[in-house]
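Working notes, structure below.
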Amino acid sequence: MATFTRRHLAAVALVATTALLGTAACGGGDDEPAADGPVTLTVDVFGQFGYDELYKEYMASHPNVKIVERGTGSNLDEYSPKLTQWLAAGKGAGDIVAIEEGLLVEYKANPQNFVNLLDHGAADLKGNFLDWKWNQGLTADGKQLIGLGTDVGGMAMCYRKDLFAKAGLPTDRDAVSKLWPTWSDYIKVGEQFKAKNTGASFLDAATNTFNTILLQTAGNAQGYSYYDTSNNLVVDSNPAVKQAYDTTMDIIDSGLSGKYGSWSEEWVSAFKQSKFATIACPAWMTGVIEGNAGPGAKGRWDIAQVPGNGGNWGGSFLAVPKQSKHQAEAIELAKFLTSAKGQIGAFKSKGTLPSSPQALEDPAIVDSKNPYFSDAPVGKIFAAGAKSLKPVYMGPKNQAVRTEVENAVRTAELGQRTPAQAWTDAVNNAKKAAAK
Amino acid sequence: MAVQLDARPPVVPAARHARQSRGHRLSRFDTRYSPYLYIAPFFLLFGVFGIYPLVYTGWVSLHDWDLLGAEHTFIGFDNYTQLMGDPDFWHSVVNTLGIFVISTVPQLLLALWLANLLNRQLRARTTWRMTVLIPNVTSTAAVAIVFAVLFGREFGMINWLLDHVGVDAIDWKANRVASWVAISTMVDWRWTGYNALIFLAAMQAIPRDLYESASIDGAGRSRQFWSITVPLLKPTIIFAVIISTIGGLQLFTEPRLFNSGTNAIRGGPLRESQTVTMYMFENAFAPHYNFGYGSAVAWLLFALIAVVAAINVLILRRLGGVRKEDD
């Protein structure tokens, strides 16, 4: 009996071992038949792209296609490492992936991971995009198109009407725009606001504002920020960076910032609790504000001109990874989503500003109003400047360098470092990050 | 080598029947090789999920390995030399050790005390014993998010309570020691009950008569605890310390989720609460994507855990030895 039991056990162990080996061997075998059967396309995004209605429309006209979106509402910091891992592993990425412009540089450096859209008739679409947006999607040698542009980040300043009224400031958007033609005027208004003790700060956090000022200053000057167009790190020699830094330090010194670290839990709470009166507002930020402040704050927000002049922050692209098993179908869908029609649909849903000149001229955009922001004519405010937007060139380690400089701004904001010390940190850490 | 490892009577020799001989050979095979087969699943799993990644990480750490790049240049030990002189790495080591000490010491003492209480005659004993494990079965992410909100600078409940007793608001995320304390609270919340149950199990294995004779000799409860319970728990305490060391030095989820917003992986603007695993992630993934450097951090962390675990065991052995001489 003992022998039997042991032999029995041995058999079980053998079966278990074989099963394990089998499972390990089968790990790579979930290929779907690539025939004409129904195709499921996965679209990976972050934040809000506003594609739901467009998917429905597309699925209705393409009955063999089913679309699944992943990552809606997620933070870019969570999304980009995941995307990189999928690309590195050669498995896991969606059939279409969204790429933010600041991160595009890194992906462009390794174009072998993506389908060259120029091989699939994308060259004909060039006229559908603002020139610089189209060029951003091209590799350095111009031979491969990684991504088709979705939106651009035209700039404005969003503000709380109720808090402005409480501080005795004008609330009408045109009057507010006249208050701050420059950033030093913005600081003066902030000081008046602060003197009235409304219980709220004038702005959310210095880091977002710093980014806005930097992209604006750089766009109006040489057209580059941390890296020059030959990819040399110029964080300490580019006057635009130092100028933006100094303006931000003036804002901090005047005590205008609520110091709510951007995108943190506290930042989100501060929206809900009406703890700040203004926030630098690229077009895509309007969707974020609505999401964070919630329906209760509807009609309390409004949109005015940004101090300084214009500027662009952010905007994304759609790319098709080479690992996709349904490349042809994915490319077709990407073309649809980035078409003028697709961009108008996304704008209506989540306020992302089109990168297509046709869409920017379309009455659907030009005449559009945003009910959440007191019916502000968002089409006029954002679209007017969009065609004259001056893009800022981003170098290879832009994201890592930007992280270091933003953190230095944050240490000055929190009083952990003096502005001079923080600047030294910014330069040193940026050099270190660029070398990694 | 027909040594009988089992209690079976010696097998009848010679090939009287072919069937019997076959059975004989089978049973010899069984005796010799089947034990290896029994333990094979573990080693197979360990090989696939333990050894292979370990060796592969070592291999990666010797390269300049961009996560997305197609070419990986062999650079020998350059990553390690660079890491040894990297102040941010040592900063994260200090953070990790700081959080480890602040969390583990009170945690194990508290667990010991809890276990001692649970070992007494209580009403609804099983309920109490199950209850201490509840924090351990809640998801780490949920715990971390709730605690991150509790420890908020402006909207957090802890600062609100401190305000009532006249203490100024603490910026838990931008103050190095404060962030260590906050994260340690999270760790203790989760692991104290678990360790208490382990100690409790060991306590129940201590013979009752030891306590009975001690009471007859007039030893009070606390004397019994320190002179009987603790010395006899030594192997269990060593186990708990080693497990806590491994877990504590690999701390990731709690500090990562404690820091929300942009670049949470840095653990605050001045890396106040960035642990070694977070530093590893920052380098291997966003924003640096330097897989080789990240792998080197992983190997140094491995070495660090081995060293700290060895020190802990030595200290505990020494403590036990002294006590024996006292008795």
- request: Look at A:Leu117 and say whether it is away from chain B (no Cβ under 14 Å), at pLDDT 95 or above and either touching a helix residue (DSSP H, G or I) at 6+ places or on another chain (Cβ under 6 Å) or closer than 30 Å to B:Arg266 by Cα (or both).
  value: no
- prompt: What number of residues in the range A:379-436 are hydroxyl-bearing (Ser, Thr, Tyr) and under 25 Å from B:Gly292 (Cα atoms)?
  reply: 1
statement: Subset of the range B:237-274, residues of a type in the set (S, T, N, Q), more than 10 Å from every other protein chain (Cβ to nearest Cβ) and in contact with a Gly (Cβ under 7 Å, 6 or more places away or on another chain), comes to B:Ser273, B:Gln274
- prompt: For the range B:178-200, does any single residue satisfy the condition of being surrounded by fewer than 16 Cβ atoms within 10 Å (Cβ to Cβ), under 22 Å from the mean Cα position of the chain (by Cα) and at negative phi?
  reply: no
task: Inspect all residues belonging to the range B:104-116 and state whether any of them is in the same structural domain as B:Ala205 (by TED's automatic domain parsing) and either of a type in the set (Val, Ile, Thr) or assigned to a loop (DSSP other than H, G, I, E, B) (or both).
output: yes
- request: Please determine, by comparing only the residues of the range B:125-162 that are away from chain A (no Cβ under 14 Å) and assigned to a loop (DSSP other than H, G, I, E, B), which one is surrounded by the most Cβ atoms within 10 Å (Cβ to Cβ).
  value: B:Val132
Number of the exception - A:Ser184 against (1) of a type in the set (Gly, Ala, Ser); (2) more than 30 Å from A:Gly92 (Cα to Cα); (3) surrounded by 16 or more Cβ atoms within 10 Å (Cβ to Cβ): (3)
- prompt: Within the set of pairs 6+ apart or on separate chains, which have a first residue in the range B:255-271 that is aromatic (Phe, Trp, Tyr), a second that is surrounded by 22 or more Cβ atoms within 10 Å (Cβ to Cβ) and part of a loop (DSSP other than H, G, I, E, B), and C-beta atoms under 7 Å apart?
  reply: B:Phe258/B:Ser273
field: Of all residues in the range A:412-436 being more than 8 Å from every other protein chain (Cβ to nearest Cβ) and aliphatic (A, V, I, L, M), the one that is farthest from B:Asn263 (Cα to Cα)
entry: A:Ala420
- request: Kindly indicate whether B:Ile170 is out of contact with any Cys (no Cβ under 6 Å at 6 or more places or on another chain) and within 14 Å of another protein chain (Cβ to nearest Cβ).
  value: yes
field: All positions within the range A:349-366 that are surrounded by fewer than 19 Cβ atoms within 10 Å (Cβ to Cβ) and more than 19 Å from A:Ser61 (Cβ to Cβ)
entry: A:Pro357, A:Gln358, A:Glu361, A:Pro363, A:Ala364, A:Val366
task: Identify the residue in the range B:209-222 that is modelled with pLDDT of 90 or more, part of a helix (DSSP H, G or I) and not β-branched (Val, Ile, Thr) and, among all such residues, is nearest to B:Arg129 (Cα to Cα).
output: B:Tyr211
task: Could you list all residues from the range A:64-86 that are surrounded by fewer than 17 Cβ atoms within 10 Å (Cβ to Cβ), of a type outside the set (D, E, K, R) and within 14 Å of another protein chain (Cβ to nearest Cβ)?
output: A:Ser74, A:Asn75
message: Please go through the range B:75-96 and give me each residue that is without any contact (Cβ under 8 Å) to a residue 12 or more places away in the chain and either within 15 Å of B:Val276 (Cβ to Cβ) or buried (at least 20 other Cβ atoms within 10 Å of the Cβ) (or both), ordered by number.
response: B:Met84, B:Asp86, B:Pro87, B:Trp90, B:Val94
task: Being part of a helix (DSSP H, G or I) and either among the β-branched types (Val, Ile, Thr) or out of contact with any helix residue (DSSP H, G or I) (no Cβ under 9 Å at 6 or more places or on another chain) (or both) is the filter here, so list the residues in the range A:390-409 that pass it.
output: A:Val401, A:Thr403, A:Val405, A:Val409
message: Take the conditions farther than 28 Å from B:Glu254 by Cα and assigned to a helix (DSSP H, G or I) and apply them to B:Gly47. Does it pass?
response: yes
statement: The correct count of residues that are surrounded by fewer than 24 Cβ atoms within 10 Å (Cβ to Cβ), within 12 Å of another protein chain (Cβ to nearest Cβ) and of a type outside the set (A, V, I, L, M, F, W, C) in the range B:275-291 is 2
message: Given the condition at pLDDT 95 or above, within 30 Å of A:Ala330 (Cα to Cα) and away from chain B (no Cβ under 14 Å), answer yes or no: does some residue in the range A:158-177 qualify?
response: no
task: Select from the range A:398-411 the residues that are in contact with a Phe, Trp or Tyr (Cβ under 8 Å, 6 or more places away or on another chain) and in contact (Cβ under 8 Å) with a residue 24 or more places away in the chain and write down the one among them that is farthest from the other protein chains (Cβ to nearest Cβ).
output: A:Val405
- line: Of the residues in the range B:98-107 that are in contact (Cβ under 8 Å) with a residue 60 or more places away in the chain and closer than 13 Å to B:Asn312 by Cα, the one that is surrounded by the most Cβ atoms within 10 Å (Cβ to Cβ) is B:Thr104
message: Considering only the range A:268-276, I want to know if a residue exists there that is within 8 Å of chain B (Cβ to nearest Cβ), buried (at least 23 other Cβ atoms within 10 Å of the Cβ) and assigned to a helix (DSSP H, G or I).
response: yes
- line: The lone condition B:Phe225 fails out of (1) more than 16 Å from the chain's Cα centre (by Cα); (2) hydrophobic (A, V, I, L, M, F, W, C); (3) within 14 Å of another protein chain (Cβ to nearest Cβ) is (3)
message: Going residue by residue through the range A:226-240, is there one that turns out to be touching a helix residue (DSSP H, G or I) at 6+ places or on another chain (Cβ under 7 Å), buried (at least 16 other Cβ atoms within 10 Å of the Cβ) and not hydrophobic (A, V, I, L, M, F, W, C)?
response: yes
task: Could you tell me which numbered condition B:Leu68 fails, if it satisfies all but one of (1) of a type in the set (A, V, I, L, M); (2) touching a Leu at 6+ places or on another chain (Cβ under 8 Å); (3) more than 10 Å from chain A (Cβ to nearest Cβ)?
output: (3)
statement: Taking the range A:338-389 and keeping only residues that are in contact with a strand residue (DSSP E or B) (Cβ under 7 Å, 6 or more places away or on another chain), in contact (Cβ under 8 Å) with a residue 60 or more places away in the chain and not in a helix (DSSP H, G or I), one is left with A:Thr338, A:Gly351, A:Thr352, A:Leu353, A:Pro354, A:Ser355, A:Asn370, A:Ser374, A:Ala376, A:Leu389
- prompt: What's the number of the condition A:Asn128 fails, among (1) in contact with a strand residue (DSSP E or B) (Cβ under 8 Å, 6 or more places away or on another chain); (2) crowded, with 21+ Cβ neighbours inside 10 Å?
  reply: (1)
message: Could you go through the range B:266-278 and let me know if any residue there is of a type outside the set (Asp, Glu), assigned to a helix (DSSP H, G or I) and at pLDDT below 95.
response: yes
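The values are calculated or read from the model by the stated rules, or taken from the named source; none is laboratory data. These numbers come from a predicted model, not from an experiment. Neighbour counts are summed over all protein chains in view; Cβ atoms, including those assigned to glycine, are modelled from backbone coordinates with ideal geometry.
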